[in-house]
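As structure tokens, the structure follows; a few thoughts come after it.
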Amino acid sequence: METSNFKARMAKDTLLYAAAKILEGIIGLVTLSTFTILFKSEKYGDYNTIITTVNIACIFLLEWLVQSVFRYINSYSGKMKLTVFYSTVFTIWGAINSIVMIVSLSLVFALRNVLGESLFSLILASVFMLLGYSATRILFSLLGAARIIKLNLILSVLSAGLKLVATIVLVKAFNMGIFGAVLGNILVDALSVFIIIWRLKLHNYIRLGFFSKRILNKFIKYGFPLVGLSLTMSMLNMSDRYIVRFFKGASQQGIYAGNYAVASAVFTMILFAVMRGVYPTILKSWKANDKARTEEMLSHAVRYFLLIAVPSAVGLSVLSPYIARVMMEPEFHEGSSVIIWVSTGMFLLGLTEYCNKAWELTSSTGRIFKNSLISCGVNIAANLILVPIYGYKAAAVNTALAYLVYFLLAYTMGRKILKWTIPALVLARIFGSAGIMALVICAITAAVDVNLPILILLVLIGAATYFSVLFLTGEIKGEVRQIIAYVGKRLSGNRA
């Protein structure tokens, strides 16, 4: 019975996250389309460089703290313990950001005449963007770990939508260019920080005098190995943009980044939705010292991931030329093949995340670092050799290759500690259903011209085909019954 409750909770959380992240992903795709209209490929390349640099800086400086917060928050309860925990977390955050701000602002103002006013303003805004982005990373992690799911999801979707609206207003009405896009991010992140602090009442818990060296040492022991990991993962994920820009220029980087963002938006949504839905349940099983149940929960989590990720990768690959044509300006269309390779790579990355749970749960993250370092080395070496010859399309292929290496290393080694298993019949049903979906989509695209309404219709037809075949095979009958029961319960509750 307890195992059934765990599965039900995991399925419910996954469905909630998936629904919200689908909406957030749609907003992300609309944002991408809007940005390719607002900015030429060269300017979009500049904006992508800013976002990439802020991401890398945040990952390198604070990802160890974000992961530690998510890992340990549920170990503390009661006002006093939470006061100590929150005070420690935000003292660390404040100290790191203070150092970064002092050093960065000193350099920026010292070089103001060299940089020029336009570049000076852009870099200055990027520094403040890092401040807000790092705060939201920690606060959203707290919401996820504490299972405050509705606020987490509503705020995530609202934030994505408001950033788009703010950018449009600042760029079109105030003619701010890329600076407007960066400023829009800063303003919306500030709003998110205020709302989460108010909801969690963090102002009642944060006291400088309650900083704990013991908690800091625990964070360091768990999180510091993740510094190297975070850096190598950020280089694995993002170094290709810098290499393409160096060898082929900002315009080629913009084309690459625009098409990359399509697959990245979809799979980031999937990875976050499924992992946030299942990880707290997996962690509770592990804390109960029940390895068999943990492996069972992990296997169910991988199945949920495959149910969503396989048709997404197949659908993106089949529709890639039409997505680029409909969503982006003509100068971006030539890079549509990037979507196929990045989708493949992101799919493999998702599977790798579940393999890595073997080391995350045992707090042995050093092995993850070594595997990611090898994969990062493969990616950078391949890009340095092939991008000068074949351009950004080689970077896309190298992305899939590097993630394949990462997955194979994690899968073969991780199974010695913690094993997840997917029956062959389940795999056959999932991949078979996705294959039938692909055939239906290809048949339709061969007969009609694809515009935006047709593309949306194709996505809906593809999803309906995939899940219908899955249901007929019996693979998702349990989930369908659970959804019907949940909806029926909510409706009966509303009538009461």
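Read-outs throughout are calculated quantities, based only on the coordinates presented, and are distinct from any laboratory measurement. These numbers come from a predicted model, not from an experiment. Quick reminder, even Gly has a Cβ in these numbers, built from the backbone with ideal geometry, and neighbours come from all protein chains shown.
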> Taking only C-alpha pairs under 8 Å that are 6+ residues apart, what is the relative contact order of the chain in percent?
Replying inline: 21
>> Test of understanding: what is the full-extension gain from Lys284 to Asn74, defined as 0.36 nm times their sequence separation minus their Cα-Cα distance?
In response: 74.6 nm
> Along the charge dipole of the chain, which of Val469, Ala443, Leu455 sits closest to the positive end, that is, farthest toward it, with unit charges on the beta carbon of Lys, Arg, Asp and Glu (+1, +1, -1, -1)?
Replying inline: Val469
> Between exposed trypsin sites (Lys or Arg not before Pro) in the chain, where DSSP calls loop and at most 11 other Cβ atoms lie within 10 Å, what's the longest gap?
Replying inline: 202-415
> With each pseudo-label sitting 7 Å past Cα toward Cβ, what's the Ile96-Phe120 distance in nm, one decimal?
Replying inline: 3.1
>> Under 5 Å between amide hydrogens, which residues at least 5 positions from Gly391 or on another chain qualify, with H placed 1.01 Å from N in the peptide plane?
In response: none
> Once phi is turned into ³J(HN,Hα) by the Karplus curve 6.51 cos²θ - 1.76 cosθ + 1.60 with θ = phi - 60°, what whole-Hz value does each residue of region 58-75 show in order, with x for glycine and proline?
Replying inline: 5, 4, 5, 7, 10, 5, 4, 6, 4, 5, 5, 4, 5, 6, 10, 4, 6, 7
> For the residue pair Ile483 and Ile389, what label-to-label distance in nm results when each label sits 7 Å from Cα along the Cα-to-beta-carbon direction?
Replying inline: 4.8
> What is the magnitude of the charge dipole of the chain about its Cα centre, with +1 placed on the Cβ of each Lys and Arg, -1 on the Cβ of each Asp and Glu, and no other charges, expressed in debye to the nearest 20?
Replying inline: 1960
>> Could you give each residue of region 419-435 its phi-based ³J(HN,Hα) in whole Hz, using Karplus coefficients 6.51, -1.76, 1.60 with θ = phi - 60°, and x for Gly or Pro?
In response: 10, 10, 9, 10, x, 4, 5, 5, 4, 4, 5, 5, 5, x, 5, 5, x
> Over region 39-223, what relative contact order in percent results from Cα pairs under 8 Å that are six or more residues apart?
Replying inline: 37
>> How far apart, in nanometres, would the label points at Ala446 and Val103 be if each is projected 7 angstrom from Cα along the Cα-to-Cβ direction?
In response: 5.9
> Under Stokes-Einstein, with the Kirkwood radius over Cα pairs standing in for Rh, what whole-number D in µm²/s applies to region 126-192 at 25 °C and 0.890 mPa s?
Replying inline: 198
> Nearest 0.05, what FRET efficiency do Ala173 and Phe194 give at R0 = 35 Å with Cβ-Cβ as r?
Replying inline: 0.90
> Regarding region 283-346, what whole-number volume in Å³ per residue does the convex hull of its Cα atoms give?
Replying inline: 95
> In debye to the nearest 20, how big a dipole does region 39-223 give about its Cα centre with +1 on each Lys and Arg Cβ and -1 on each Asp and Glu Cβ?
Replying inline: 920
> Near Lys489, which lysines are there with a Cα under 26 Å away, not counting those fewer than 8 places off in the same chain?
Replying inline: Lys7, Lys12, Lys21, Lys150, Lys477
> For Ala110 and Ile454 in the same chain, what is the full-extension length gain: residue separation times 0.36 nm, less their Cα-Cα distance, in nm?
Replying inline: 118.5 nm
> By a straight-distance test (C-alpha under 19 Å), which lysines pair with Lys221 as possible cross-link partners, with residues fewer than eight away in the same chain excluded?
Replying inline: Lys213, Lys287, Lys357, Lys370
> Tell me, what HN-Hα J-couplings in whole Hz come from the Karplus equation 6.51 cos²θ - 1.76 cosθ + 1.60 at θ = phi - 60° for each residue of region 98-107, using x for Gly and Pro?
Replying inline: 5, 4, 4, 5, 4, 5, 5, 5, 4, 5
>> One quarter of the convex hull surface, Cα atoms only: what value does that give for region 39-223 in nm²?
In response: 11.5
>> If R₀ is 45 angstrom, what is the calculated FRET efficiency for the pair Val165 and Lys416, using the beta carbon separation as r and rounding to 0.05?
In response: 0.35
